[in-house]
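This report refers to the structure that appears directly beneath it.
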Amino acid sequence: MPFATPTLRLTTEQHLAIVAHCLDGYPDEACGLLGGPMSDAGEPTGEVTAVFPCRNADASARTYTVDTRDMGKAMGGARRDGGELMCVWHSHTHTDAYPSDTDVRKAAEPGWIYVIVSLKHADAVLRAYRIRDGGIAEVDVEVT
């Protein structure tokens, strides 16, 4: 089933902050949340207004769970900025930036954008997706 895939718009500083957090978390997967405006239909517009690095409660190189305290702080921060949480990111330490079967199963927020940063090669690769009802659609990423 097709669904909307807005362009994810990051500033250079936001992109660098996400990648740096992923590198800092290595060899475990790192994770975080992004805040931004949502449309009247409850879909992300793609504009990122806040970056919230979080702890991986799993402390694992194979899975991630955003720490609940960090999730609460990010929710409050996004609302203070006039937006909502609209995206989660995590790193893949040894695989490509594409959703794994586990990522698809754990994608609990159908309105969100899911960002994956691959650390498989020397240069980190950031890609974004919508995951809804088991379907995966790539989202364009624009860094300005």
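No lab work stands behind these numbers, since they all come straight from the coordinates. For clarity, every value in this text was computed on a predicted model and none was experimentally measured. Cβ coordinates were reconstructed from backbone atoms using ideal geometry, including for glycine residues, and neighbour counts include every protein chain displayed.
Remarks
- Note that the stretch 80-94 has calculated 3J(HN,Hα) couplings of 4, 7, x, x, 9, 5, 9, 7, 10, 10, 7, 9, 10, 6, 9 Hz, one per residue in order, obtained from phi through the Karplus relation 6.51 cos²θ - 1.76 cosθ + 1.60 (θ = phi - 60°); glycine and proline are x.
- For the chain, a Gaussian network of Cα nodes joined below 10 Å ranks G35, G77, G134 by mean-square fluctuation, and the top entry is G134.
- The phi-based Karplus calculation (6.51 cos²θ - 1.76 cosθ + 1.60; θ = phi - 60°) puts the 3J(HN,Hα) values of the stretch 18-31 at 5, 5, 4, 5, 5, 5, 5, x, 4, x, 7, 5, 10, 8 Hz, whole numbers, x for Gly and Pro.
- If both residues of a DSSP beta bridge must be in the chain, then about 70% of such bridges are antiparallel.
- In sequence order, the stretch 55-62 has phi-based couplings of 7, 8, 5, 6, 6, 9, 8, 10 Hz under the Karplus curve 6.51 cos²θ - 1.76 cosθ + 1.60, θ = phi - 60°, and Gly or Pro positions carry x.
- Charged-residue dipole, Cβ positions (Lys, Arg, Asp, Glu), the chain about Cα centre, Debye nearest 20: 260 debye
- The rule of thumb for compact globular proteins, 2.2 N^0.38 Å, goes into the C-alpha radius of gyration of the chain 0.95 times.
- Considering only R80, R127, R55, the mean-square fluctuation computed in a Gaussian network model of the chain, springs between alpha carbons under 10 angstrom, is largest for R80.
- Gaussian network model of the chain, springs between alpha carbon atoms under 10 Å - residue of H21, H92, H121 with greatest fluctuation: H121
- Put simply, the amide H of C87, placed in the peptide plane, has neighbours under 5 Å in L34, I113, leaving out anything fewer than 5 places away on its chain.
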